[in-house]
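The values are calculated or read from the model by the stated rules, or taken from the named source; none is laboratory data. Owing to the predicted nature of the structure, the values given are computational and were not obtained by experimental measurement. Reconstructed Cβ throughout: ideal geometry from the backbone, glycine too, with neighbour counts over all protein chains shown.
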């Protein structure tokens, strides 16, 4: 997979498809492959550029303070390095937080913005949840096993666990098969999640924005919806029924259809 120098680090990315560029930003601990169920559909209409954030995948993992704003600066640097003046931007969870900062800080670079399972400012509940993930990761000494045992139950409904255990196992195997994130890099990335605060900058977002939540998500629940919907001027909101934090896996067909419909409306 190719790498470019962006904002002082080497950033890894994968490129597929043809058409206008779509930057896909991964969630906490994940790499660019996290959109494996979306890219086959998206790439029929757009050039998908899925990235590894600082601290994840095959991108550099330097020491120091990480923030969601810094991740956005990295993505802006990647766009510049690739000669992309303007792109559609999409992200889930941490990826959405990064996309939010990118669209607020570099509004001329973002043609459309898709924020899935997002939040504009970490609240005490979200902080406690993420600190729990950090404790599990340290106790297990393994980020992939922490994801499967600690994060998965927040991402999927009890009904999915009961109805599709083989699917949960396949997703677990997928996580174990990706490049392993070092524990210290996970702590730095998750500290960025805990410190995330883009609330006062939402009004700077000019791009048409698609905001989605899972009905049963507790991590990034619809408690964050009104602040984003009311402060991002040209935004629309959709809540996926019978779904938790990871609609891209739990309601894949519906997620792909609705998100692609939004993207196609803003192509051209």
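What's the total number of residues in segment 222-241 that are within 24 Å of residue 158 (Cβ to Cβ), surrounded by fewer than 18 Cβ atoms within 10 Å (Cβ to Cβ) and in contact with a helix residue (DSSP H, G or I) (Cβ under 7 Å, 6 or more places away or on another chain)?
2
Only residues that are surrounded by fewer than 18 Cβ atoms within 10 Å (Cβ to Cβ) and in a loop (DSSP other than H, G, I, E, B): list them for segment 203-215, please. If you could, list the steps in order and put the result at the bottom.
Keep residues of segment 203-215 that are surrounded by fewer than 18 Cβ atoms within 10 Å (Cβ to Cβ), which gives 203-204, 206, 215.
Of everything in segment 203-215, those that are surrounded by fewer than 18 Cβ atoms within 10 Å (Cβ to Cβ) and in a loop (DSSP other than H, G, I, E, B) turn out to be 206, 215.
Pairs only if they're at least six apart or on different chains, beta carbon under 7 angstrom, first in segment 27-51 and at positive phi, second modelled with pLDDT of 95 or more and in a loop (DSSP other than H, G, I, E, B); list them, first residue then second.
Final answer for the pair search is 29/56; 29/181.
Output the residues belonging to segment 4-29 that are over 21 Å from residue 85 (Cβ atoms) and in contact with a strand residue (DSSP E or B) (Cβ under 9 Å, 6 or more places away or on another chain).
If the condition is that a residue be over 21 Å from residue 85 (Cβ atoms) and in contact with a strand residue (DSSP E or B) (Cβ under 9 Å, 6 or more places away or on another chain), then 10, 12, 26, 27 are the ones that fit.
Any idea which of 24, 53, 78 is under 12 Å from the mean Cα position of the chain (by Cα), over 19 Å from residue 207 (Cα atoms) and at pLDDT 95 or above?
Working: 24 fails: over 19 Å from residue 207 (Cα atoms); 78 fails: under 12 Å from the mean Cα position of the chain (by Cα).
Residue meeting the stated conditions: 53.
Every residue in segment 61-85 that is crowded, with 19+ Cβ neighbours inside 10 Å, without any contact (Cβ under 8 Å) to a residue 60 or more places away in the chain and part of a loop (DSSP other than H, G, I, E, B), please.
Scanning segment 61-85 gives no hits.
Farther than 29 Å from residue 1 by Cα, at pLDDT 95 or above, touching a helix residue (DSSP H, G or I) at 6+ places or on another chain (Cβ under 6 Å) and not in a strand (DSSP E or B), is that true of residue 248? Steps first, answer last, please.
Numbers: farther than 29 Å from residue 1 by Cα: no; at pLDDT 95 or above: yes; touching a helix residue (DSSP H, G or I) at 6+ places or on another chain (Cβ under 6 Å): yes; not in a strand (DSSP E or B): yes.
No, not satisfied.
If residue 34 satisfies all but one of (1) surrounded by fewer than 24 Cβ atoms within 10 Å (Cβ to Cβ); (2) touching a helix residue (DSSP H, G or I) at 6+ places or on another chain (Cβ under 9 Å); (3) farther than 19 Å from residue 194 by Cα, what's the number of the condition it fails?
Every condition holds for residue 34 apart from (1).
Could we say that residue 229 is in a loop (DSSP other than H, G, I, E, B), touching a strand residue (DSSP E or B) at 6+ places or on another chain (Cβ under 9 Å) and either farther than 30 Å from residue 58 by Cβ or modelled with pLDDT under 95 (or both) here? Working first, answer last.
Numbers: in a loop (DSSP other than H, G, I, E, B): no; touching a strand residue (DSSP E or B) at 6+ places or on another chain (Cβ under 9 Å): yes; either farther than 30 Å from residue 58 by Cβ or modelled with pLDDT under 95 (or both): yes.
No; evaluated as a whole, the condition is false for this residue.
Can you pull out every residue in segment 86-113 that is closer than 20 Å to residue 268 by Cα and assigned to a helix (DSSP H, G or I)?
Result: 103, 107, 108, 109.
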